Amino acid sequence: MNLRFLSGFAALGCVLFASCTPYNEQQNKKPTRKPAQKAATTAEQQKIQEQRDLMQQKEELATKEAPATPPPVTPANTAAPTTPPTQTPTPPVEEKRAEYKFANKVPGKDGFVFSPYNNKVIDVKGIPSGTLVQDPTYTGAGKGYFRVP
């Protein structure tokens, strides 16, 4: 009889011991490799830099104003006196302001808003309305800015 109790307790002890030890779930899984991203070569980087430089030069030429001096006098245009062409003043170019999304207020909770990116609750107590705020819970590539309602 003692042998039966002893073997029963031993079996129960083995079951309890097996249930308490952690199971390694990663043991049977094979490691997966992420595909390597293609790095730009120096030739590609030079092409990109040249394109950027060309675009900057075009922008600089477009923003430069033509000189206000009259055209030089040559024998061809001395026969008929002409008035120098008047230049119309170009209006200043306004920079486009990026439009940011507005957050939605949490009903019943003052100072809390829902993020427009992931709909999580964010505390904006003490921040005035219309202020640009960075979403601390945004995990995208950008910064995730929004305006306080």
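Just one of the numbered conditions (1) under 14 Å from the mean Cα position of the chain (by Cα); (2) in contact (Cβ under 8 Å) with a residue 24 or more places away in the chain is not true of residue 140: (2). Pairs linking a residue in segment 37-61 that is at pLDDT 80 or above to a residue that is not β-branched (Val, Ile, Thr), with Cβ atoms under 8 Å and 6 or more positions apart or on different chains, are 48/40. Of all residues in segment 104-147, those being crowded, with 17+ Cβ neighbours inside 10 Å and of a type in the set (A, V, I, L, M) number 4.
The values are calculated or read from the model by the stated rules, or taken from the named source; none is laboratory data. Since this is a predicted model, take the numbers as computed values, not measurements. Glycine also receives a Cβ, built like all others from the backbone with ideal geometry; neighbour counts cover every protein chain displayed.
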